[in-house]
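Below is one structure; the comments refer to it alone.
The values are calculated or read from the model by the stated rules, or taken from the named source; none is laboratory data. Computed from a prediction, not measured in an experiment: that's the story for all the values here. A quick note on method: Cβ atoms are made from the backbone with ideal geometry, for glycine too, and the neighbour counts reach across all protein chains shown. Heavy atoms of the whole protein, side chains included, go into the accessibility calculation; ligands, DNA and RNA do not. Shrake-Rupley method; radii C 1.70, N 1.55, O 1.52, S 1.80 Å.
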Amino acid sequence: DAEYSDLAERFNNDANEISGDIVLRAAKRGRNASELMGIVLSRYMIRHELGTDRRFGWYFLDDYAEWLGQREEQIADILALSPEPTSGGKLRLAVIIAESKYIDHANLAAKRKESQKQLRDTMRRINEAIFGDPTRLDRELWLSRFSDLLLSGIQFPANSPIDLAAWRRAMRYGECGIYLRGYSHVFVSGPSDSPECSDFVAVAEADRSWQEVFSRAKLRELVLTYSQGSDPTPLRQAAAGENIWQEPAYRKPSDRVQIVRRRRSDDESPDNGDASFPGGGQRPPKPVAPPAAPSPDVAGPVPQPQVSGTALEDQPAWAHPNVRQLLLGYEGATQDTSADSEWLKQIESLCKGALQQFQLQSKLITSTLTPNAALLKFQGSASLTVEQVLRRRSEFLTTHRLNVISVRAEPGVVAIAIARSNRRILQLPEVWRRWSPDCSSGNHALLIAVKEEDSSLLFLSPQTNAPHTLIAGSTGSGKSVLMQNIVLGIACTNTPERARIVLIDPKLGVDYFAFEELPHLQGGIISEQDAAVLTLNELVGEMNRRYSVLRENRVTNIFDLNKKPNPTERLPILWVIHDEFAEWMLTEDYAKAVADVVGRLGVKARAAGISLVFAAQRPDVNVMPMQLRANLGNRLVLRVDGEGTSEIALGEKGAERLLGKGHLAARLEGESGTIFGQVPFVEGEYLARMAAALSEAQNS
């Protein structure tokens, strides 16, 4: 009981040191008493932040509402002024604004928003008045007000070495460096079973301003620290996750407008004074604004995830030595720059500010720069869900200039991907240098993209994923490049004895000229409809023949067959790649033949080592019956033209928001959820060199 009494007395004494009408209101109404408790705690934290040995002036801003040009209870609560002389004789002043709420958990969302608005409006008004447009006419008046507050609110001993008159002059004429900060403090006092809700975020559109939310448990720790007279900064820093209380950045006010300046004759001494300078005498030199100081709470360049991989020199030989030599000689890799890292920081701030304005939780856990986007992961809660973010996607774009590509749910996390204005192009050779394919007995795991989640490699395999694949993407989406990647991946990691390719293209093979001499190509590029139907029907016979071989060797699939020491026959993986199949599917005979063949292959082709890859710009219901879609289990979808096409191709919305040029959304059998990635780009000249190297290796 004695400790409680001492604590209550300390709250009262500290409150009385902050004179103002609120003390009188608190004596009459309990609600104001709670508000006053929050203000006392804010005062306590600010004192320890700046140093308890300094002199402070404390002012209730409601008492100065007319001075600020705002209504009472619509501005922040307290203003703290703390002067500090430096070793060089310069004068500095710390100015801190605090807005405090002492509330129940039920009012948290509304009071957080209200507190941020009050702080934002007050900080903007004071910041613009002191540091804003140099042509502002009332800057001298504002500086005079602050100098008057210094004299009236800070008590100095009679023997203090501080010259108050010098302080006042320095403030009035803009010679004093000023350090301005703002805090929104929200203290959740109940109920006793209220959940953990502590948070620390930057306040949007308010420079050097933060909101600190103390849950009931954290508030208890703070009050215990207060009762013991200890420093609360470690408790605040633990919530912030970083030290924002580094060396304060002092700035001089913007220049004042000189309205009257008396002209002086050549023979008149400059010491005769300037009529526009109060009190006569020579006007102090006009202060020059220093360069903007770096923000003490902005970290250095954001570290990018380190991707492990085997050095190319240490990798096992590829199926063709010429491929390895081409990769070793490549020097065109790209990297993110410091400007890209700075852009990521800006996006973090913009996104957190947008979430705050939407009254959504904005506690950022991690941020990563991917080739296409800034990937921001926020702590999920009832006040931040995927659905809530998606509903505001248009507001993110129009109000905050943030193009949200995707919003994904992870355990305890909401991951938001925001499009980069300057995308990084991934070149196929630089990505392949990280690939270590096992080519000893044939490779069937093809590298198709780099994952945006962690920059790891994304593979497509008919053994671990579904045997058949659908590729969809509109013009400019990068579909042809993905198809070229697949063909090149098959050829570079397998000899013709280990893998064969059947390539069907109604466009007469215009995207595959470089592959015409590829030794893996079976029957050349098929561009006639009748030849394509004949080839597809032959696949059914080949599948049945392969099952006879499996039975003869007493194995269940082609992968075990090819690993067997002395099989009666080794069978190559057969890749059937059909580009733009939608065009021919409008022909009734062809549609019937394809549906029949795919239906039969869909059941038994995996074990026989036959994989279908079908690609189309628009795989709608007219060209892609449900039975056909069901058999193409892997979905590699690039940007499509609408939500309907995305739902057909990918099984969900979202592919219409991809950025094109290889930006990929993949749903693979055996993998959970949608995987976003970037398909590496291969230049036409390099593609031709790779294909020529494969042909030369085969001929030699």
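Of the conditions (1) open to solvent by 30 Å² or more (accessible area, probe 1.4 Å); (2) at pLDDT below 85; (3) not small (Gly, Ala, Ser), Val481 fails just one. Which one is it?
Against the list (1) open to solvent by 30 Å² or more (accessible area, probe 1.4 Å); (2) at pLDDT below 85; (3) not small (Gly, Ala, Ser), Val481 comes up short only on (2).
Is it the case, given these coordinates, that Leu108 is over 19 Å from Glu49 (Cβ atoms) and within 37 Å of the chain's Cα centre (by Cα)? Steps first, please.
On the way: over 19 Å from Glu49 (Cβ atoms): yes; within 37 Å of the chain's Cα centre (by Cα): yes.
When the stated conditions are applied, Leu108 passes them.
Under the condition of being in a loop (DSSP other than H, G, I, E, B) and out of contact with any Asp or Glu (no Cβ under 9 Å at 6 or more places or on another chain), which residue from the range 649-660 is surrounded by the most Cβ atoms within 10 Å (Cβ to Cβ)?
Of all residues in the range 649-660, those in a loop (DSSP other than H, G, I, E, B) come to 651-654, 658-660.
The next check asks that each one be out of contact with any Asp or Glu (no Cβ under 9 Å at 6 or more places or on another chain); those that pass are 651-652, 658-660.
Details: Gly651: 14, Glu652: 15, Leu658: 26, Leu659: 19, Gly660: 15.
Ranking the candidates gives Leu658 first.
Restricting attention to the range 473-495, which residues are over 21 Å from Pro371 (Cβ atoms) and hydrophobic (A, V, I, L, M, F, W, C)?
Val487, Ile490, Ala491, Cys492
Quick check on my filter: what residues within the range 651-685 are under 10 Å from Val637 (Cα atoms) and either among the charged types (D, E, K, R) or out of contact with any strand residue (DSSP E or B) (no Cβ under 8 Å at 6 or more places or on another chain) (or both)?
Glu656, Arg667
Conditions first: (1) in contact (Cβ under 8 Å) with a residue 60 or more places away in the chain; (2) in a helix (DSSP H, G or I); (3) open to solvent by less than 50 Å² (accessible area, probe 1.4 Å). Ser367 passes all but one, so which condition is the exception?
(2)
Can you tell which of Ser611, Ser646 is crowded, with 21+ Cβ neighbours inside 10 Å, among the polar types (S, T, N, Q) and either over 23 Å from Asn465 (Cα atoms) or over 36 Å from the mean Cα position of the chain (by Cα) (or both)? I'd like the intermediate steps shown before the answer.
On the way: Ser646 fails: either over 23 Å from Asn465 (Cα atoms) or over 36 Å from the mean Cα position of the chain (by Cα) (or both).
Result: Ser611 is the single residue among Ser611, Ser646 that is crowded, with 21+ Cβ neighbours inside 10 Å, among the polar types (S, T, N, Q) and either over 23 Å from Asn465 (Cα atoms) or over 36 Å from the mean Cα position of the chain (by Cα) (or both).
Against the definition (crowded, with 22+ Cβ neighbours inside 10 Å and either in contact with a strand residue (DSSP E or B) (Cβ under 9 Å, 6 or more places away or on another chain) or among the aliphatic types (A, V, I, L, M) (or both)), how does Ala591 come out, yes or no?
Numbers: crowded, with 22+ Cβ neighbours inside 10 Å: no; either in contact with a strand residue (DSSP E or B) (Cβ under 9 Å, 6 or more places away or on another chain) or among the aliphatic types (A, V, I, L, M) (or both): yes.
It is false that Ala591 is crowded, with 22+ Cβ neighbours inside 10 Å and either in contact with a strand residue (DSSP E or B) (Cβ under 9 Å, 6 or more places away or on another chain) or among the aliphatic types (A, V, I, L, M) (or both).
Matching residues to (1) under 23 Å from Trp210 (Cα atoms); (2) surrounded by fewer than 19 Cβ atoms within 10 Å (Cβ to Cβ); (3) at pLDDT below 90; (4) over 14 Å from the mean Cα position of the chain (by Cα):
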{"residue": "Pro294", "(1), (2), (3), (4)": "yes, yes, yes, yes"}
{"residue": "Asp314", "(1), (2), (3), (4)": "no, yes, yes, yes"}
{"residue": "Ser381", "(1), (2), (3), (4)": "yes, yes, yes, yes"}
{"residue": "Glu387", "(1), (2), (3), (4)": "no, yes, no, yes"}
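Report, by residue number, each residue of the range 499-516 that is of a type in the set (D, E, K, R), open to solvent by 10 Å² or more (accessible area, probe 1.4 Å) and in contact (Cβ under 8 Å) with a residue 12 or more places away in the chain. Explain how you work it out, then say what you get.
Here is the first cut: in the range 499-516, the ones of a type in the set (D, E, K, R) are 500, 505, 507, 511, 516.
With open to solvent by 10 Å² or more (accessible area, probe 1.4 Å) added as a condition, the list becomes 500, 507, 511, 516.
Passing the criteria: Arg500, Lys507, Asp511.
Of all residues in the range 66-82 being open to solvent by less than 10 Å² (accessible area, probe 1.4 Å) and over 15 Å from Ile18 (Cβ atoms), which is modelled with the lowest pLDDT?
If we take residues in the range 66-82 being open to solvent by less than 10 Å² (accessible area, probe 1.4 Å) and over 15 Å from Ile18 (Cβ atoms), then Leu68 is modelled with the lowest pLDDT.
Within the range 640-660, can you find the residues that are without any contact (Cβ under 8 Å) to a residue 12 or more places away in the chain and of a type in the set (A, V, I, L, M, F, W, C)?
Applying the first criterion (without any contact (Cβ under 8 Å) to a residue 12 or more places away in the chain) to the range 640-660 yields 646-647, 653.
Passing the criteria: none in range.
Quick one: Asp596 ticks every box in (1) modelled with pLDDT of 85 or more; (2) of a type in the set (Asp, Glu); (3) surrounded by fewer than 15 Cβ atoms within 10 Å (Cβ to Cβ) except a single one, so which number is it?
Going through (1) modelled with pLDDT of 85 or more; (2) of a type in the set (Asp, Glu); (3) surrounded by fewer than 15 Cβ atoms within 10 Å (Cβ to Cβ) one by one, Asp596 breaks only (1).
Does the range 396-412 hold any residues that are open to solvent by 10 Å² or more (accessible area, probe 1.4 Å), part of a strand (DSSP E or B) and hydrophobic (A, V, I, L, M, F, W, C), and which are they?
Across the range 396-412, the qualifying residues are Val407, Ala409.
Would you tally the residues in the range 185-203 being open to solvent by 10 Å² or more (accessible area, probe 1.4 Å) and hydrophobic (A, V, I, L, M, F, W, C)? Give the derivation first.
Residues of the range 185-203 open to solvent by 10 Å² or more (accessible area, probe 1.4 Å): 189, 191-198, 200, 202.
Still in the running and hydrophobic (A, V, I, L, M, F, W, C): 197, 200, 202.
So the count comes out to 3.
For the structure I just gave you, tell me whether Arg551 is open to solvent by 40 Å² or more (accessible area, probe 1.4 Å), in a helix (DSSP H, G or I) and out of contact with any Phe, Trp or Tyr (no Cβ under 7 Å at 6 or more places or on another chain).
It is true that Arg551 is open to solvent by 40 Å² or more (accessible area, probe 1.4 Å), in a helix (DSSP H, G or I) and out of contact with any Phe, Trp or Tyr (no Cβ under 7 Å at 6 or more places or on another chain).
From the list Ala415, Ala466, Ala449, which one is more than 25 Å from the chain's Cα centre (by Cα) and either free of Cβ contacts under 8 Å to residues at least 12 places away in the same chain or surrounded by 21 or more Cβ atoms within 10 Å (Cβ to Cβ) (or both)?
Ala466
Farther than 30 Å from Gln529 by Cβ and at pLDDT below 90: is that true of Asn422 in this structure?
Numbers: farther than 30 Å from Gln529 by Cβ: yes; at pLDDT below 90: yes.
So Asn422 passes the test.
Scan the range 626-643 for residues that are more than 27 Å from Glu683 (Cα to Cα) and either touching a Cys at 6+ places or on another chain (Cβ under 7 Å) or open to solvent by 10 Å² or more (accessible area, probe 1.4 Å) (or both) and report the count. Before you say what the answer is, go through the steps one by one.
Looking only at the range 626-643, we keep the residues that are more than 27 Å from Glu683 (Cα to Cα), and these are 626-633, 642-643.
Now drop any that are not either touching a Cys at 6+ places or on another chain (Cβ under 7 Å) or open to solvent by 10 Å² or more (accessible area, probe 1.4 Å) (or both), which leaves 626-627, 629-631, 633, 642-643.
So the answer is 8.
Looking at the range 104-217, what helices (runs of 4 or more DSSP H) fall wholly within it and have at least 3 residues that are farther than 30 Å from Ser349 by Cβ and either at pLDDT 85 or above or out of contact with any strand residue (DSSP E or B) (no Cβ under 6 Å at 6 or more places or on another chain) (or both)?
On the way: elements: 108-131, 139-153, 164-172.
The helices (runs of 4 or more DSSP H) meeting that bar are 139-153, 164-172.
For the range 568-583, what are the residues that are part of a helix (DSSP H, G or I) and under 30 Å from Thr493 (Cβ atoms)?
Let us first name the residues in the range 568-583 that are part of a helix (DSSP H, G or I), namely 581-583.
If the condition is that a residue be part of a helix (DSSP H, G or I) and under 30 Å from Thr493 (Cβ atoms), then Phe581, Ala582 are the ones that fit.
Residue-by-condition table, conditions (1) open to solvent by less than 40 Å² (accessible area, probe 1.4 Å); (2) in contact (Cβ under 8 Å) with a residue 40 or more places away in the chain; (3) of a type in the set (A, V, I, L, M):
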position: Gly662; (1), (2), (3): yes, yes, no
position: Ala666; (1), (2), (3): yes, yes, yes
position: Glu669; (1), (2), (3): no, yes, no
position: Thr674; (1), (2), (3): yes, yes, no
position: Gly677; (1), (2), (3): yes, yes, no
position: Val682; (1), (2), (3): yes, yes, yes
position: Tyr686; (1), (2), (3): yes, yes, no
position: Leu694; (1), (2), (3): yes, yes, yes
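For Arg208, only one of the following conditions fails: (1) open to solvent by less than 20 Å² (accessible area, probe 1.4 Å); (2) of a type in the set (Lys, Arg); (3) within 16 Å of Ala94 (Cβ to Cβ). What is its number?
It is condition (1) that Arg208 fails.
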